[in-house]
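Undergrad: Below are the structure tokens for one structure; questions will follow.
The values are calculated or read from the model by the stated rules, or taken from the named source; none is laboratory data. Only a predicted model underlies this, so the values are computations on that prediction, with no experimental measurement involved. So basically every Cβ, Gly included, is an ideal-geometry build from the backbone, and we count neighbours across all protein chains shown. Note: areas computed on protein heavy atoms with side chains; ligands, DNA, RNA excluded. Shrake-Rupley method; radii C 1.70, N 1.55, O 1.52, S 1.80 Å.
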Amino acid sequence: MPKERIPRQEMPRQAPEERRRNFEEVALGYTLEQALTEAQRCLQCKKPQCVEGCPVQVRIPEFIGALRDKEFRRAADLLKDKNNLPAICGRVCPQETQCEARCVLARKEEPVAIGRLERFVADWERQNGVRVPPKAPPSGKRVAVIGAGPAGLTCAGDLARYGHGVTVFEALHAPGGVLMYGIPEFRLPKDVVEAEVEYVRSLGVELRLNWVIGKIKSVHELLEEGFDAVFLGTGAGLPMFMGIPGENLSGVYSANEFLTRNNLMKAYLFPEYDTPIKVGRKVAVVGAGNVAMDASRTALRLGAEEVHIVYRRSRAEVPARKEEFENAEEEGVIVHFLTNPVEVLGNEKGWVRGLRCQRQELGEPDASGRRRPVPIPGSEFDMDVDMVIMALGTRPNPMVFTQSAGLERTRHGTVVADENTGRTKLERVWAGGDIVTGAATVISAMGAGKRAAADIDAYLRGEGNQVWWVEPAATAAS
Amino acid sequence: MYPIVARQDLAPVTKLLVIEAPEVACKAQPGQFVIIIVEEHGERIPLTIADYDRRAGTVTLIFQEVGKTTRLLGTKKPGDELFAFTGPLGLPTEIENYGTVLCIGGGVGIAPVFPIARALKEAGNRVISIIGARTKDLLFWEDRMRGVSDELVVTTDDGSYGRKALVTVPEKEILESGEPVKRIWAIGPAIMMKFVSLTSRPFEVKTIVSLNSIMVDGTGMCGACRVEVGGKTRFVCVDGPEFDGHEVNWDLLMERQRIYLDEEKRALARFEEMCPSCRGEQH
């Protein structure tokens with residue numbers, strides 16, 4: 001082991017001026033040399049904190065150790081022991097707040113680039129042939145998983161490895177959920193998603209596309225028709241709007257629509273693909289989360305001359321990953337802090353011609369702990385834009401709840417479920433991911449899918465807690 | 001993949017396809033729609049369900065060839081397959097015994113009005129129907145509509161068949177005649193539904209329309225289909241497709257239907273260029 005300090009290896013990226021006009025992946029991935037050098041930085045801690053920071057408990061030091069020893073196959077097997085979707089996680093996980101935040105090196109220098117190494121190993125495996133791991137003998141039990149997004153795919157993959165028969169029902173014509181419709185190609189290439197979905201399928205998971213549960217079948221019908229358990233992983237797909245005048249003008253998109261057209265339907269390849277998309281000359285994107293970054297960077301790539309992010313709080317409160325926010329700024333996205341839209345202005349043809357905004361100042365902290373933006377009276381001004389994209393967040397889609405008596409929901413539309421097991425108030429129905437938490441991250445949804453799979457497995461084998469629901473108060477008393 | 005099991009050319013530009021989709025057929029109800037993708041690189045388009053056969057496991061779609069996607073769909077025949085077929089989506093029609101009801105279908109809108117009229121008839125209503133089209137060639141299912149209606153009026157704009165009138169003319173006459181019409185259903189082009197609603201408004205007869213806005217996912221995810229009804233924003237895909245015609249902001253609906261007009265023209269021109277034989281089928 002070399003004693004001299006090795007610096008954290010930078011990830012090669014496309015230059016901003018180049019990438020802002022193409023849809024190819026921005027981060028290019030480590031070379032072999034970079035990966036091996038970075039792997040040497042890992043101290044191989046006996047009690048690795050990084051693993052504690054990972055929602056799916058990836059065996060981080062072990063896979064990095066195998067990589068360092070150039071045992072690539074073993075590194076991949078170790079990685080996939082806990083993570084069914086590593087090439088995805090290596091690209092879109094917020095490692096800086098999870099595994100890498102716990103890295104011992106982070107106390108003195110920069111943490112090991114765990115995410116980049118994960119990506120390297122996963123990409124190596126994809127290029128060198130994916131191996132299907134051994135599975136438990138068939139249990140004879142069947143589980144229905146609703147939604148083929150991060151939570152559902154993770155849950156399905158684990159359940160298949162536990163030996164259960166798994167059918168995933170997906171409403172769209174392609175599996176992947178937000179990985180397909182939400183996250184753009186330049187951040188997460190769709191062939192990467194397709195390959196990892198294929199891996200889940202190779203574990204024996206059956207995928208049924210174009211099945212809208214809640215319409216074609218209810219949760220109760222699935223249970224009556226022979227499924228022993230149901231996992232709800234339908235995410236948070238219902239877009240929110242501001243409720244301001246002019247929001248239904250032509251040229252106002254929800255980020256969901258704009259991104260779905262572009263990513264899932266590949267509108268950026270129109271007319272090779274049939275789905276059209278509009279892009280304004282000057283585009284305003286309202287919000288500053290990861291979805292707002294994706295939407296604004298997509299608008300640039302589609303040819304917008306100017307893209308403005310309009311955010312009612314300040315830089316310190318930006319909810320997007322730092323890296324994505326920096327990427328957006330580097331590419332030329334103009335950010336307006338402490339600015340809140342009050343009206344979308346239209347022309348005589350019903351098209352957007354401007355966005356009326358009001359300046360804000362920060363007041364006392366609100367329920368989220370962030371300082372609340374307070375409008376400054378008389379500070380209204382008009383932004384000259386011809387397209388507005390609302391990226392204000394999403395809520396769970398209520399459709400799955402049709403005819404599902406017994407499923408309890410919160411006033412935010414999320415489903416009530418036990419945090420550790422994913423059990424809902426309805427017996428034999430589990431839930432995890434954004435449908436429980438509201439819009440969150442890919443990896444937190446995967447963690448929930450994984451925990452639910454473990455509990456489903458135990459429950460179906462007659463192990464673990466066979467008392468379906470224990471009120472939190474009762475748990476505390478016991 | 002979803003196999004096409006039958007096809008019928010109802011008019012030069014109006015085609016009927018029967019699709020094998022047993023689970024959808026099993027749950028389909030009047031008023032609902034499906035989202036289809038014709039071929040792999042295609043767009044998702046909503047089509048209202050014209051009929052379904054639970055025993056045969058099939059769903060019938062009727063469409064008019066207007067743009068690239070529907071033109072391509074019009075080239076499909078039994079033995080071909082659709083890339084995607086999702087449904088049944090949207091809320092079903094509220095069927096009950098209202099007494100006397102009026103069902104109005106315009107152009108390709110005759111197709112989705114048929115299962116509604118049939119269900120209303122089965123529920124015990126006295127069903128008066130009006131079907132109309134620009135010209136004789138665009139009319140279809142007169143016999144089927146007659147079979148589920150107590151009275152049927154047929155109109156064409158140009159007088160080439162039936163009565164020379166817009167559907168709103170007999171609508172107004174029926175409402176004025178003292179027929180105790182309790183509810184009206186109108187499905188057709190937005191402009192027709194707007195005027196049917198305007199005609200019925202003074203008579204204070206609730207008028208249900210089925211809106212055909214632009215959609216992508218059809219499950220409440222994107223908001224492309226949003227409309228204003230009674231001053232509130234609603235999603236056609238999950239809150240509709242049926243709404244109270246007296247409450248719909250028609251001008252907004254029609255503006256939003258035109259968003260991709262340029263792209264639609266471009267796609268169609270490209271399709272015709274690549275598929276010269278398809279042009280030949282047009283009249």
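Undergrad: Roughly how much accessible area, to the nearest 100 Å², goes out of reach of solvent when A and B pair up, both sides summed, probe 1.4 Å? Could the numbers behind the result be given before it?
TA: Numbers: alone 21100 and 13230 Å², together 30580 Å².
Chains A and B together bury approximately 3700 Å².
Undergrad: Within chain A, what whole-number % of the accessible surface is contributed by carbon and sulfur, with the 1.4 Å probe and all protein chains included in the calculation?
TA: Values: 9560 of 19230 Å².
Carbon-and-sulfur percentage of accessible area, whole number: 50.
Undergrad: Shifting gears a bit: What's the ranking of B:61-68, A:431-438 by average number of surrounding C-beta atoms within 10 Å, highest first?
TA: On the way: B:61-68: 20.8, A:431-438: 27.4.
The most tightly packed comes first, giving A:431-438, B:61-68.
Undergrad: Enumerate the amide H contacts of A:MET383 below 5 Å, restricted to partners 5 or more residues apart or on another chain; note that Pro and chain-start residues carry no placed amide H.
TA: A:LEU355, A:ARG356, A:CYS357
Undergrad: Label the protein assembly as shown by shape, choosing from rounded, prolate and oblate, from the square roots a ≥ b ≥ c of the eigenvalues of the Cα gyration tensor; if a/c is under 1.5 it is rounded, and otherwise prolate applies when a/b is larger than b/c, oblate when it is not.
TA: Numbers: a/c = 1.93, a/b = 1.61, b/c = 1.20.
Note, shape of the protein assembly as shown comes out prolate.
Undergrad: Another question about this same structure. I'd like the mean, over residues of A:242-253, of how many other protein chain beta carbons sit within 10 Å of each residue's own Cβ.
TA: Values: counts 0, 2, 0, 0, 0, 4, 10, 3, 7, 1, 3, 3.
Rounded to a whole number, the mean comes out at 3.
Undergrad: Compute the Cα gyration tensor for chain B, then decide on rounded, prolate or oblate, letting a ≥ b ≥ c be the square roots of its eigenvalues: rounded whenever a/c is under 1.5, prolate when a/b is larger than b/c in the other cases, and oblate in all that remain. List each step's numbers first, then the result.
TA: Values: a/c = 1.44, a/b = 1.40, b/c = 1.03.
Verdict is rounded for chain B.
Undergrad: Taking 10 Å² as the minimum loss, tell me which residues in segment A:384-412 lose that much accessible area going from the chain by itself to the full protein complex (1.4 Å probe).
TA: Residues of segment A:384-412 that lose at least 10 Å² of accessible area once the other chains are added: A:ASN397, A:MET399.
Undergrad: Reachable lysines from B:LYS136, Cα under 21 Å, same-chain residues fewer than 8 places away excluded?
TA: B:LYS15, B:LYS164
Undergrad: Continuing with the same structure: Given the pairs A:LYS217/B:LYS68; B:LYS76/B:LYS265; B:LYS194/B:LYS265, which span a C-alpha to C-alpha distance of over 23 angstrom in this model?
TA: Beyond 23 Å between Cα atoms: A:LYS217/B:LYS68; B:LYS194/B:LYS265.
Undergrad: What relative contact order, as a whole-number percentage, does chain A give when Cα pairs under 8 Å and 6 or more residues apart are counted?
TA: On the way: 1013 pairs, mean separation 72.6, N = 478.
Dividing the mean separation by the residue count of chain A yields 15 percent.
Undergrad: Placing +1 at every Lys and Arg Cβ and -1 at every Asp and Glu Cβ, with all other atoms neutral, what dipole size does segment A:1-145 have around its Cα centre, in debye to the nearest 20?
TA: Working: 28 positive and 21 negative charges, 114 e Å.
Roughly 540 debye for segment A:1-145.
Undergrad: I'd like the accessible area for B:PHE140: 1.4 Å probe, protein heavy atoms, all chains in place, Å² to the nearest 10.
TA: Approximately 10 Å² of B:PHE140 is accessible to the 1.4 Å probe.
Undergrad: If Lys and Arg each add +1 and Asp and Glu each add -1, what is the summed charge of the other residues whose beta carbon sits under 12 Å from the beta carbon of A:THR421? Can you show the working numbers first?
TA: On the way: positive: A:ARG423, A:LYS450, A:ARG451; negative: A:ASP418, A:GLU419, A:ASP455, A:ASP457.
So the environment of A:THR421 carries a net charge of -1.
Undergrad: Still on this structure, I have one more. Give, as a single signed number, the net charge of other residues whose beta carbon lies under 9 Å from the beta carbon of B:PRO3, with Lys and Arg counted +1 and Asp and Glu -1.
TA: Working: positive: none; negative: B:GLU20, B:ASP80, B:GLU81.
My count for the surroundings of B:PRO3 gives -3.
Undergrad: I've got another one for you. Tell me, what HN-Hα J-couplings in whole Hz come from the Karplus equation 6.51 cos²θ - 1.76 cosθ + 1.60 at θ = phi - 60° for each residue of segment A:333-341, using x for Gly and Pro?
TA: Running phi through 6.51 cos²θ - 1.76 cosθ + 1.60 with θ = phi - 60° gives 5, 9, 10, 10, 7, 6, 9, 10, x Hz.
Undergrad: Tell me whether segment B:91-132 comes out rounded, prolate or oblate; compute the Cα gyration tensor, take square roots of the eigenvalues as a ≥ b ≥ c, and use a/c under 1.5 as the rounded threshold. List each step's numbers first, then the result.
TA: Numbers: a/c = 2.52, a/b = 1.46, b/c = 1.72.
It is oblate, given that a/c is not under 1.5 and a/b is not larger than b/c.
Undergrad: Here's a follow-up. For segment A:327-478, what does the relative contact order come out to in percent, with C-alpha contacts under 8 Å and a separation of six or more?
TA: Working: 199 pairs, mean separation 19.3, N = 152.
Relative contact order comes out at 13 percent.
Undergrad: In addition: How do B:ILE214, A:ILE456 rank by accessible surface area computed with a 1.4 Å probe, from largest to smallest? Mind dumping the intermediate values first?
TA: Working: B:ILE214 40, A:ILE456 0 Å².
Sorted descending by solvent-accessible area, the residues read B:ILE214, A:ILE456.
Undergrad: Quick query: amide H of A:VAL285 versus all other amide H atoms, modeled in the peptide plane; which residues come in under 5 Å with a sequence gap of 5 or more or a different chain?
TA: Result for A:VAL285 returns A:HIS308, A:ILE309, A:VAL310, A:ILE389.
Undergrad: While we're on this one: Segment B:110-214: Rg/Rh from Cα coordinates, Kirkwood Rh? Can you show the working numbers first?
TA: Details: Rg = 13.0 Å, Rh = 13.9 Å.
That ratio equals 0.93.
Undergrad: OK, next. Going by Cα centres, segment A:281-300 and segment B:182-205 are how many Å apart?
TA: 40 Å
Undergrad: Calculate the length of the line joining the C-alpha centroid of segment B:210-259 to that of segment B:1-68, in whole Å.
TA: 21 Å
Undergrad: Residue by residue, what Karplus-based ³J(HN,Hα) values in Hz, rounded to whole numbers, does segment B:265-271 have, using 6.51, -1.76 and 1.60 with θ = phi - 60° and x for Gly and Pro?
TA: These are the phi-based 3J(HN,Hα) values: 5, 4, 5, 5, 4, 5, 4 Hz.
Undergrad: What is the antiparallel percent of DSSP beta bridges lying wholly in the protein assembly as shown, to the nearest 5? The partial results should precede the final answer.
TA: On the way: 55 of 113 bridges.
Of those bridges, close to 50 percent are antiparallel.
Undergrad: Continuing with the same structure: Explain nothing, just compute: Karplus ³J(HN,Hα) = 6.51 cos²θ - 1.76 cosθ + 1.60, θ = phi - 60°, for every residue of segment B:170-184 in order, whole Hz, x for Gly and Pro.
TA: Each residue of segment B:170-184 in turn: x, 4, 5, 4, 5, 5, 6, 6, x, 4, x, 5, 8, 7, 10 Hz.
Undergrad: What percent do you get for the relative contact order of segment A:274-368 when only Cα pairs under 8 Å and 6+ apart count?
TA: Numbers: 153 pairs, mean separation 23.2, N = 95.
Contact order relative to length: 24 percent.
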